[in-house]
């Protein structure tokens, strides 16, 4: 694996939590932080994709603001169904 080392500053309490979790998972600090960052970035990308999909669908439905969303939710809950 091609790696690069860099320094970051973290509160001591957070470092202690990281070290405890790494020990529970039989990993070193770097492995745990690397795994957590990869998971965060994967999750972030999935949420961004979902948000973009929602915007696309919303645009097709003519949604321009939160008031439109509230109106559609209200109508849906009271019998008018949307596709």
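Counting only alpha carbon atoms, the long axis of helix 29-60 and the longest principal axis of the chain meet at about 10°. In this structure, residue 42 and residue 13 have a Cβ-Cβ separation that, at R0 = 25 Å, corresponds to a calculated FRET efficiency of about 0.40. Sorting 24, 29 from the fewest to the most surrounding beta carbons within 10 angstrom yields 24, 29. Per-residue ellipticity at 222 nm, computed for the chain from helices alone with -39500 (n - 2.57) per DSSP H run of at least four residues, works out to -23500 deg cm²/dmol. Here is the P(r) of the chain: all C-alpha pair distances, binned every 10 Å from 0, give 14, 27, 18, 14, 22, 5 in whole percents.
Quick note: the coordinates plus some simple rules give every number you see, no bench work behind them. Keep in mind the model is a prediction, meaning the values are calculated, not measured. Glycine gets a Cβ as well: all are built from the backbone with ideal geometry, and neighbour counts include every protein chain shown.
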